[in-house]
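Notes follow once the structure below has been shown.
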Amino acid sequence: MLRAALRDLQWRRRRFAIAMTGVALVFALGLVMTGLAASFSAEVDRTLDGVGAEAWAVSAQASGPFTSFTPMPAGSGGPGATPAMTLRQTIRIDEVLDIVVLGVTTGSLGTPEVTAGRTLAGPGEMVVDASLTGADIGDSIELGGLTFEVVGTTDGRRLFAGLPVVHIDLADGQTIAVQGAPVANTFLYATSPDTSPESLRIMTPAEVRDDTLRPLEGALASIQLLRLLLWLVAATIIGSVLYLQTIERTRDFAVFKATGTSTSAIAAGLSLQAIVLSIAAAILAAVLGALLAPVFPMYIEIPTSAFVLLPVITVTVGLLSSLLALRRTVSVEPAMAFGG
């Protein structure tokens with residue numbers, strides 16, 4: 001019976017090829033959606049790891065260092081505190097671009113490690129992420145009324161679904177945001193403090209990560225829903241192809257049953273077709289996903305685990321979608337092999 005199922009795949013190869021291509025495209029889009037959701041978290045993790053702080057502190061009235069701006073005296077962080085400032089800004093490089101500005105105490109915790117050029121040495125300098133289009137080492141960029149020289153670049157330092165993180169000296173950040181007042185909106189700690197002023201709230205990197213991702217919860221939920229709908233579309237395609245095939249082969253199944261073939265053996269043949277179709281679609285989907293990811297305007301990082309789980313998901317969806325065809329197979333009576 002399994003051999004008959006494979007021969008049927010060969011006989012109807014064009015139909016199955018069209019169905020496989022459609023299913024593969026649907027799963028490729030699902031793979032891209034998975035990578036998009038994963039990239040939101042990955043970029044935050046890289047940015048926080050690049051800062052290197054074991055603990056962060058914000059005002060007790062603030063939700064987090066990147067989602068709110070509540071200035072505090074730069075010296076109010078207590079022992080071991082390094083003041084810093086985060087800002088949402090725009091710059092113009094041929095067009096208006098949104099960025100996240102991180103003002104750090106140069107030479108202290110938070111000073112960026114660069115992948116090209118050199119790191120900050122003082123005011124008037126800027127380290128940009130490589131994703132900031134049009135900003136090259138040696139360029140002059142205006143930000144908040146000040147002119148900066150790009151001295152280095154980082155890689156993968158982004159927040160809020162792809163906004164590049166730009167590092168400048170804390171003094172420049174104070175000039176831009178509060179006209180030079182000696183304040184900060186967050187403090188960095190190399191080790192978690194045992195005590196802190198009552199006016200501050202200590203946050204772990206995990207808490208900072210969750211708070212930074214909080215504005216994206218709606219987008220993440222939408223992506224998850226869209227991915228589920230894509231799976232349903234794939235299941236519909238596979239199910240419709242197998243169900244149509246079952247209708248066409250009703251007389252064949254009746255003959256099989258009349259000659260002693262069990263219903264379970266026939267069901268196994270249909271399941272084999274669903275598995276073959278699903279695995280072929282998974283292979284093609286992995287290739288299409290890798291090709292589609294760079295085309296999207298947002299940064300998409302498809303994790304290795306998504307490629308590993310893809311065949312499992314496709315086979316599961318394929319088997320579930322074949323249940324309707326299996327149900328029709330069970331209802332076929334052997335007597336149909338001798339009737340009109």
Out of curiosity, is L319 modelled with pLDDT of 70 or more, in a helix (DSSP H, G or I), under 16 Å from L36 (Cβ atoms) and assigned by TED's automatic domain parsing to the domain that holds L29?
no
Tell me, which residue of segment 153-163 that is at positive phi and not aliphatic (A, V, I, L, M) is surrounded by the most Cβ atoms within 10 Å (Cβ to Cβ)?
G156
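So which residues in segment 94-116 are crowded, with 16+ Cβ neighbours inside 10 Å and under 29 Å from the mean Cα position of the chain (by Cα), if there are any at all? Lay out the reasoning, then the answer.
As a first pass, look at segment 94-116 and keep what is crowded, with 16+ Cβ neighbours inside 10 Å: 97, 99-106, 109-112, 114.
Matches in segment 94-116: L97, I99, V100, V101, L102, G103, V104, L109, G110, T111, P112, V114.
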Could you tell me whether any residue of segment 37-52 is in contact with a strand residue (DSSP E or B) (Cβ under 6 Å, 6 or more places away or on another chain), buried (at least 17 other Cβ atoms within 10 Å of the Cβ) and outside any helix (DSSP H, G or I)?
no
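What about G77, is it outside any helix (DSSP H, G or I), touching a strand residue (DSSP E or B) at 6+ places or on another chain (Cβ under 7 Å) and within 19 Å of G180 (Cα to Cα)? Lay out the reasoning, then the answer.
Numbers: outside any helix (DSSP H, G or I): yes; touching a strand residue (DSSP E or B) at 6+ places or on another chain (Cβ under 7 Å): yes; within 19 Å of G180 (Cα to Cα): yes.
It is true that G77 is outside any helix (DSSP H, G or I), touching a strand residue (DSSP E or B) at 6+ places or on another chain (Cβ under 7 Å) and within 19 Å of G180 (Cα to Cα).
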Looking only at segment 4-50, and only at residues there that are modelled with pLDDT of 90 or more and acidic (D, E), the one that is farthest from G318 (Cα to Cα):
D49
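Within segment 121-151, count every residue that is touching a Phe, Trp or Tyr at 6+ places or on another chain (Cβ under 8 Å) and surrounded by fewer than 12 Cβ atoms within 10 Å (Cβ to Cβ).
The qualifying residues number 2.
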For segment 202-212, does any single residue satisfy the condition of being assigned to a helix (DSSP H, G or I), under 25 Å from F296 (Cα atoms), of a type in the set (K, R) and not assigned by TED's automatic domain parsing to the domain that holds V312?
yes
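Applying the selection to segment 184-212, what residues are modelled with pLDDT of 90 or more and surrounded by fewer than 19 Cβ atoms within 10 Å (Cβ to Cβ)?
Here is the first cut: in segment 184-212, the residues modelled with pLDDT of 90 or more are 184-191, 200-212.
If the condition is that a residue be modelled with pLDDT of 90 or more and surrounded by fewer than 19 Cβ atoms within 10 Å (Cβ to Cβ), then A190, T191, R201, I202, T204, P205, A206, E207, R209, D210 are the ones that fit.
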Please tell me if T119 is β-branched (V, I, T), in contact with a strand residue (DSSP E or B) (Cβ under 7 Å, 6 or more places away or on another chain) and farther than 20 Å from A206 by Cβ.
yes
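To keep it simple, each residue is scored yes or no on (1) in contact with a Lys or Arg (Cβ under 6 Å, 6 or more places away or on another chain); (2) not basic (K, R).
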| position | (1), (2) |
| --- | --- |
| V151 | yes, yes |
| R158 | no, no |
| A161 | no, yes |
| G180 | no, yes |
| S199 | no, yes |
| T204 | no, yes |
| L220 | no, yes |
| I237 | no, yes |
Segments classed as strands (runs of 3 or more DSSP E), wholly inside segment 85-192, with at least 2 members that are free of Cβ contacts under 8 Å to residues at least 12 places away in the same chain
95-104
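The values are calculated or read from the model by the stated rules, or taken from the named source; none is laboratory data. On a predicted model such as this, the values are computed, not experimentally measured, just so you know. Positions of Cβ are backbone-derived with ideal geometry, glycine not excepted, and every protein chain shown enters the neighbour counts.
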